[in-house]
Amino acid sequence: MNTTKAALSEQDIPMPVDEYEVLCKIVQAEAGNQDEKGKLLVANVVLNRVEHHVFPDTVTDVVFQDNGGVTQFAPTKNGAYTKSEVTIETMQAVNRALAGEDVSEGALYFKAGTENTWGNHEYLFSHGNHVFFK
């Protein structure tokens, strides 16, 4: 990701650069067509998972988690992650999340669409083209 250094120096990133790049790329792939808040929300979900005992404890492991052939983040399977070109707006949203801004109400899951039910997950809210749950 060539724009990383344009937005932050490596000393300013509160995680290893490779983890930062994975976070930026998954936010771009999942929410590239959303506004900055939508991008912030996706970053929040990834970071919430890193902190939650049920999920892996690194960004990379969360993003690429595979449960019996079911990926947690579809862009890692369908090629969108690999093709994503991270924008400055996405990096700004990720930076806000890393600085502690969390508007997710503790969301651990999101999906595209408008349906506000998903198994036994608690519906929280919708924003843009995503519905958030915990």
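The values are calculated or read from the model by the stated rules, or taken from the named source; none is laboratory data. Because the structure is a prediction, the values reported are computed rather than measured. Neighbour counts run over all protein chains shown; Cβ positions are idealised from the backbone, glycine included.
Some points to look at:
- In the stretch 71-90, the residues that are over 12 Å from GLY32 (Cβ atoms) and touching a Lys or Arg at 6+ places or on another chain (Cβ under 9 Å): THR71, GLN72, THR82
- Here THR114 clears all of (1) at pLDDT 95 or above; (2) outside any strand (DSSP E or B); (3) in contact with a strand residue (DSSP E or B) (Cβ under 7 Å, 6 or more places away or on another chain) except the condition numbered (1).
- Members of the stretch 65-83 found to be at pLDDT 95 or above, surrounded by 15 or more Cβ atoms within 10 Å (Cβ to Cβ) and of a type in the set (S, T, N, Q), listed by number: GLN65, THR76
- Test result for VAL62, touching a Lys or Arg at 6+ places or on another chain (Cβ under 8 Å) and surrounded by 17 or more Cβ atoms within 10 Å (Cβ to Cβ): yes
- Odd one out for GLU30 among (1) among the charged types (D, E, K, R); (2) surrounded by 20 or more Cβ atoms within 10 Å (Cβ to Cβ); (3) under 15 Å from ALA99 (Cα atoms): (3)
- Single residue of the stretch 44-59 satisfying the filter (closer than 17 Å to VAL103 by Cα and of a type in the set (A, V, I, L, M, F, W, C)) that is surrounded by the most Cβ atoms within 10 Å (Cβ to Cβ): VAL45
- Put simply, of LEU23, LEU41 the only residue that is under 14 Å from HIS127 (Cα atoms) and either charged (D, E, K, R) or surrounded by 13 or more Cβ atoms within 10 Å (Cβ to Cβ) (or both) is LEU41.
- Meets criteria (part of a helix (DSSP H, G or I) and either surrounded by fewer than 17 Cβ atoms within 10 Å (Cβ to Cβ) or touching a residue at least 60 places away in the same chain (Cβ under 8 Å) (or both)) for ALA93: yes
- Set LYS77, LYS134: member being basic (Lys, Arg) and closer than 19 Å to LEU23 by Cβ: LYS77
- Every residue from the stretch 52-89 that is in a helix (DSSP H, G or I) and of a type in the set (A, V, I, L, M): VAL59, VAL62, VAL63, ALA80, ILE88
- Some residue of the stretch 97-106 being buried (at least 19 other Cβ atoms within 10 Å of the Cβ) and either touching a strand residue (DSSP E or B) at 6+ places or on another chain (Cβ under 7 Å) or within 16 Å of GLU36 (Cβ to Cβ) (or both): yes
- Among the numbered conditions (1) over 15 Å from GLY38 (Cβ atoms); (2) part of a loop (DSSP other than H, G, I, E, B); (3) of a type outside the set (D, E, K, R); (4) within 15 Å of the chain's Cα centre (by Cα), the only one that ASN120 does not meet is (4).
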